[in-house]
Amino acid sequence: MQIKNEIGYMQVHIRLYKNSVLYDEFAFNVFDKKHQVKTNLVIVEFKANEEKCTELLVKILEDNYTISMLIPFHQSTEWEIVTISEEYVVGFYCLTN
């Protein structure tokens, strides 16, 4: 069996922090179609849009909180941090072809 290692437009690694503690982490490959990743703690939907960005929607199951972000296609040089609220912070690292 041959395994394809296609990352699509970009591969995104996400670290979700709640109250300054790592809450969950996951990664996904960005393609044109909408895709979904589920963990025990979150449901994540993502897809590429026409503006060369990734549309990201993270639903936190524990408290029904939803985070929506646009991440432009790019190669990260370090972890990028976005403070969503007093409670939630998102760190992400992007890899391109």
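Tabulated values for the structure
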item: Lys pairs under 18 Å by Cα in the chain, provided they are eight or more residues apart or on distinct chains; result: 11
item: At R0 = 35 Å, FRET efficiency that the Cβ-Cβ distance of THR96 and ASN19 yields, to 0.05; result: 0.65
item: Options [x] 6.2; [y] 7.0; [z] 8.1 - which one matches mean projected area of the Cα convex hull in nm² as calculated here; result: [y]
item: Long-range amide H partners of ILE84 with built H, under 5 Å; result: VAL89, VAL90
item: Extension gain (nm, one decimal) between LEU41 and HIS74, 0.36 nm per residue minus Cα-Cα; result: 9.2 nm
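No value in this document is a laboratory result; all are computed from the given coordinates. None of the values given here were measured: they were computed from a predicted structure. Cβ atoms come from the backbone with ideal geometry, glycine included; neighbour counts cover every protein chain shown.
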